[in-house]
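The values are calculated or read from the model by the stated rules, or taken from the named source; none is laboratory data. A quick note: this is a predicted structure, and the numbers were derived from the prediction, not measured. For neighbour counting, all protein chains shown are included, and Cβ atoms are generated from backbone atoms with ideal geometry for every residue, glycine included.
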């Protein structure tokens, strides 16, 4: 659909729930990336408010597909905040009703900003385990990237990527700079900074070749990852 | 031609005078989850099944406060806060609709407001976000960027327009107090008072949004509001039977 475009997936909890300083840093880098000539789409997750929605909803007995229907509201809030901050530089909200208009926005140099979650809504399949929908913003943005023909998705989180264990809990966690998606799935790691379903979906894809995971709370990381030749973070290859 | 119409105030037409407007609180009820919400829904369904007609407006709660705080940190204007905050009551309303679907719960958006007669006559329970549709057009008040018209105001204004049978705010306190009873154990209960007196008292913590009191003073459709404790069984049934349980604030 659109060759050369990069999907930048902004973490809800890791970025939008963080300080204004972090958010403004990301905003600045997105503009720099666009100004460097890279067509970019920005997707965003739900964060704390999505988590709260799930907690209250699960307590109320709402089925997983019902939770999927309502959690998008939190993502829309983050999308609207991000678009507002990026608006002076040409950002527009990008909703699924306009999916096929994408070229209209990109060719004019605009920055489309969208939510991550896929619109399965009441048709969200039952989860592999537990109460919560498997398909969240990581999956949704990867799938959008796949349809659009983006070769790279950059997931902007608050950790330097993949580790052998959760680095926030274990001091001896080892960083994984590069790994193939099948190796990652085989490792069956107990905790990942990305949705498990995203990794499962990535394995079956045809367009997206590379998923990068970086720490967006550190200045310049996003720009270096997208435009630079080297970056701090992890890469999952297909 | 001009003789047919005069500037004198005529009686306002009552749009849906037999219908109650009921608000289910966000922070006070929804955020407490099943333990608080299920009993409230049971009482409402029982009332509906015995012939009481009502529409439900739903509050926001913790997630709305969170997004207001984040938005203020980023210096976003009031109109943006109103748009952002509006997403939360919609989530809550949708969840309530799922829980009430089997008893006729139907999601009602602002654009469908005029279909209320259809929903009510077919025995449904219309469930709406309590937020007014002001969004970017929300007026700011000096001193704070928080939208002054939130879910209490939205629910009140619906009741006012409809000349509803009454408007009941289901919260988690027995009613109105002289201060926030959660923070001040010496706060005393106020069974009945006038909106103007409450505004004049300049009391900081009032159980409903200030905007409601301002509108109540000049209201024509409804002339009082009622605030009851949804955590106490029986209060909703009593209020919908016309009993003045909880607190009543009159115009």
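Annotations for the structure displayed:
- Yes/no for residue B:94 being surrounded by fewer than 24 Cβ atoms within 10 Å (Cβ to Cβ), facing chain A (nearest Cβ under 10 Å) and assigned to a helix (DSSP H, G or I): yes
- Test: residue B:125 is in contact with a helix residue (DSSP H, G or I) (Cβ under 6 Å, 6 or more places away or on another chain) and either over 19 Å from residue B:161 (Cα atoms) or within 13 Å of another protein chain (Cβ to nearest Cβ) (or both): no
- Summed over region B:21-52, the residues that are under 21 Å from residue B:173 (Cα atoms), surrounded by 19 or more Cβ atoms within 10 Å (Cβ to Cβ) and either away from every other protein chain (no Cβ under 14 Å) or free of Cβ contacts under 8 Å to residues at least 40 places away in the same chain (or both) give a count of 6.
- Filter result (at pLDDT 95 or above and surrounded by fewer than 19 Cβ atoms within 10 Å (Cβ to Cβ)) within region B:121-145: B:121, B:122, B:123
- Listed by first and then second residue, the pairs linking a residue in region B:53-79 that is within 10 Å of another protein chain (Cβ to nearest Cβ) and crowded, with 21+ Cβ neighbours inside 10 Å to a residue that is at pLDDT 95 or above and not in a helix (DSSP H, G or I), with Cβ atoms under 7 Å apart and 6 or more places separating them unless they lie on different chains, are B:61/B:26; B:61/B:27; B:64/B:26.
- Flag for residue B:18 being within 14 Å of another protein chain (Cβ to nearest Cβ), surrounded by fewer than 19 Cβ atoms within 10 Å (Cβ to Cβ) and more than 21 Å from residue B:231 (Cβ to Cβ): no
- Any hit, region B:124-133, residues being assigned to a helix (DSSP H, G or I), farther than 15 Å from residue A:80 by Cβ and within 18 Å of the chain's Cα centre (by Cα): no
- Scanning region B:97-117 for residues that are more than 7 Å from every other protein chain (Cβ to nearest Cβ) and either surrounded by 15 or more Cβ atoms within 10 Å (Cβ to Cβ) or over 20 Å from the mean Cα position of the chain (by Cα) (or both) gives B:97, B:100, B:101, B:102, B:103, B:104, B:105, B:106, B:107, B:108, B:113, B:116.
- Meets criteria (touching a residue at least 24 places away in the same chain (Cβ under 8 Å) and over 14 Å from the mean Cα position of the chain (by Cα)) for residue A:174: no
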